[in-house]
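Novice: First the structure, which I've put down as structure tokens, then a few questions once you've had a look.
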């Protein structure tokens with residue numbers, strides 16, 4: 001874990017004053033660090049028959065695709081408004097520093113598919129809550145949520161119906 005922590009930089013006052021942004025770009029540029037992060041995020045879900053991994057734009061794409069490949073699962077992108085070409089479902093959610101909106105294709109998850117939600121970080125749980133709403137609306141079965149970083153002071157885990165569904169490689 002120490003190896004990963006040395007590859008994550010704090011950027012104060014980004015994207016707005018009072019926010020400490022967790023910059024993972026050094027980790028992404030470090031092959032052993034990236035490989036370790038993906039394994040730590042995927043391993044708890046091996047053998048759990050995950051059909052599809054959902055990752056939210058944009059850093060959820062990075063880890064979501066890698067975790068999906070590690071689990072031999074498909075990947076479904078959740079995007080910002082207007083970025084998906086077919087009919088979508090939209091969900092608005094609260095951020096640590098405002099609100100945002102995400103969309104998913106209406107046919108992205110089939111009823112009964114086993115879904116893992118992956119993101120780089122959970123802060124307040126807004127993004128993951130929106131992704132969970134999408135899984136429910138499309139009839140998917142939530143297997144769990146895997147993140148690289150959990151900011152424990154912001155209690156995003158409480159946004160999940162069962163906090164035990166969340167696996168965090170790093171709890172800060």
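Just so you know, all these numbers are worked out from the coordinates, no wet-lab data involved. Computed from a predicted structure; not experimentally measured.
Novice: If you average the sequence gap of Cα pairs under 8 Å that are 6 or more apart and divide by the length of the stretch 47-168, what percent do you get for the contact order?
Specialist: Relative CO of the stretch 47-168 lands at 25 percent.
Novice: In the chain, what % of DSSP beta bridges are antiparallel (nearest 5)?
Specialist: Around 35 percent of the beta bridges assigned by DSSP in the chain are antiparallel ones.
Novice: Still on this structure, please answer the following. Using every pair of alpha-carbon atoms in the chain, split the distances into 10 Å bins beginning at 0 and state the percent of pairs per bin, rounded to integers.
Specialist: 10, 41, 37, 12, 0
Novice: Right, another one. Could you quote the convex hull projected area for the stretch 1-73, Cα atoms only and averaged over all directions, in nm²?
Specialist: 5.5 nm²
Novice: Using the alpha-carbon centroid of each, what span in Å lies between the stretch 10-35 and the stretch 122-172?
Specialist: Taking the Cα centre of each part, the stretch 10-35 and the stretch 122-172 sit 20 Å apart.
Novice: Starting from the Cα coordinates of the stretch 90-172, work out the convex hull volume and express it per residue in Å³.
Specialist: 79 Å³
Novice: Please report the equivalent ellipsoid semi-axes of the stretch 46-123, computed as sqrt(5 x eigenvalue) of the Cα gyration tensor, largest first, in whole Å. List each step's numbers first, then the result.
Specialist: Values: eigenvalues 90, 50, 22 Å².
Taking √(5λ) for each eigenvalue gives 21, 16, 10 Å, largest first.
Novice: Only Cα pairs within less than 10 Å get springs; with that Gaussian network setup on the chain, which residue of 42, 130, 90 has the largest fluctuation?
Specialist: Among 42, 130, 90, the largest mean-square fluctuation in the Gaussian network model of the chain belongs to 90.
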